[in-house]
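Chemist: Take a look at the following structure, please.
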Amino acid sequence: ADMRAALSGLPALSASLLAEGVTGYDIAAVISGQYRAALVRAAALATAERTPAPAKWCLLILGSGGRDESLLAPDQDHAIIFEDLPSSASTADRQAALDWFLDCGQAIADRLDEAGIPYCTGGVMATSPVWCKPLSDWQAVIDDWVARGRAEDVLSADIFFDYQAVCGETALADQLQAHIRQTVTGQHDFLKSLARTVQNHASGTTLF
């Protein structure tokens, strides 16, 4: 309820900043910062209700929130990276670790929805194994996105590559970012496809 009350003040804050001559991009950055803060708080509430995490992990905000371009009609876009378990870990241990993080991701999503940031209709949330993986699995997925370069792969990359780490073991996010940079280097066809998605982002120039 406290998060919802705080977020409900964003339209008035945005109007005040606009009246003071603050640019639209800077206002969007302020809004994005508040959404990131809400995500951090939701993660704190979710983890406080659970046993300690089975591995180090990092929570990411994706899409417009990661680019500082959020506006006043938000939805959730987040993901989890967690540290790979030792090679000696059993299949049951690996599944139990994934289940812990998926359960935590669901609790985070639930808290945000209660606070007024609704669930992502496209399912881009750490509630699904698609967006909640150990580091090595994320690296493999990125390799596949770049190698295949299908429309859906480019869309996933467009959503994911702009992430910001909001809490947890940020070194995991740094490792993954280094892997992304290495993987896309020289992949001109993929980069052209990614650039075309930007060209297709139309913006309004008149009231209509």
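The values are calculated or read from the model by the stated rules, or taken from the named source; none is laboratory data. Fair warning: this is a prediction, and the values are worked out from it, not measured in the lab. Cβ coordinates were reconstructed from backbone atoms using ideal geometry, including for glycine residues, and neighbour counts include every protein chain displayed. These area figures cover heavy atoms from the full protein model, side chains too; ligands, DNA and RNA do not enter into them. Shrake-Rupley method; radii C 1.70, N 1.55, O 1.52, S 1.80 Å.
Chemist: State whether the residues of region 125-136 include one that is surrounded by 13 or more Cβ atoms within 10 Å (Cβ to Cβ), more than 30 Å from L18 (Cα to Cα), touching a residue at least 40 places away in the same chain (Cβ under 8 Å) and of a type in the set (K, R).
Modeler: Yes; the residues of region 125-136 include at least one that is surrounded by 13 or more Cβ atoms within 10 Å (Cβ to Cβ), more than 30 Å from L18 (Cα to Cα), touching a residue at least 40 places away in the same chain (Cβ under 8 Å) and of a type in the set (K, R).
Chemist: Looking only at region 149-182, count every residue that is β-branched (V, I, T), closer than 21 Å to G123 by Cβ and open to solvent by less than 20 Å² (accessible area, probe 1.4 Å) and tell me the total.
Modeler: Residues that pass the stated criteria total 1.
Chemist: Also, I was wondering about something else. Of the residues that sit in region 52-74 and are open to solvent by less than 40 Å² (accessible area, probe 1.4 Å) and out of contact with any Ser or Thr (no Cβ under 9 Å at 6 or more places or on another chain), which one is farthest from A29 (Cα to Cα)?
Modeler: Per the stated criteria, the residue is A55.
Chemist: Filtering region 75-97 down to residues that are assigned to a loop (DSSP other than H, G, I, E, B), open to solvent by less than 60 Å² (accessible area, probe 1.4 Å) and out of contact with any Ser or Thr (no Cβ under 8 Å at 6 or more places or on another chain), which residue is farthest from D137 (Cα to Cα)? Give the derivation first.
Modeler: Step one: of region 75-97, the residues assigned to a loop (DSSP other than H, G, I, E, B) are 75-77, 83-90.
Now narrow it down to the ones that are open to solvent by less than 60 Å² (accessible area, probe 1.4 Å): 76-77, 85, 89-90.
Adding the requirement that they be out of contact with any Ser or Thr (no Cβ under 8 Å at 6 or more places or on another chain) leaves 76, 85, 89-90.
Values: Q76: 22, L85: 12, A89: 16, S90: 17 Å.
The extreme case among them is Q76.
Chemist: When region 183-193 is examined, which residues are found to be among the β-branched types (V, I, T) and open to solvent by less than 50 Å² (accessible area, probe 1.4 Å)?
Modeler: Within region 183-193, T183, V184 meet the criteria.
Chemist: Which one is farthest from the chain's Cα centre (by Cα), of the residues in region 14-46 that are among the polar types (S, T, N, Q) and open to solvent by 50 Å² or more (accessible area, probe 1.4 Å)?
Modeler: The first filter runs over region 14-46 and keeps only residues among the polar types (S, T, N, Q), leaving 14, 16, 23, 32, 34.
Retained after the next criterion (residues that are open to solvent by 50 Å² or more (accessible area, probe 1.4 Å)): 16, 23, 34.
Working: S16: 28, T23: 25, Q34: 14 Å.
Looking at the filtered set, the residue picked out is S16.
Chemist: Right, another one. Looking at D174, is it charged (D, E, K, R), free of Cβ contacts under 8 Å to residues at least 12 places away in the same chain, assigned to a helix (DSSP H, G or I) and in contact with a helix residue (DSSP H, G or I) (Cβ under 7 Å, 6 or more places away or on another chain)? Break it down stepwise before answering.
Modeler: Numbers: charged (D, E, K, R): yes; free of Cβ contacts under 8 Å to residues at least 12 places away in the same chain: yes; assigned to a helix (DSSP H, G or I): yes; in contact with a helix residue (DSSP H, G or I) (Cβ under 7 Å, 6 or more places away or on another chain): no.
No.
Chemist: Which residue pairs have Cβ atoms under 9 Å apart, sit 6 or more places apart or on different chains, and have a first residue in region 1-13 that is in contact (Cβ under 8 Å) with a residue 60 or more places away in the chain and a second that is basic (K, R) and open to solvent by 80 Å² or more (accessible area, probe 1.4 Å)?
Modeler: Within 9 Å, the pairs are M3/R41.
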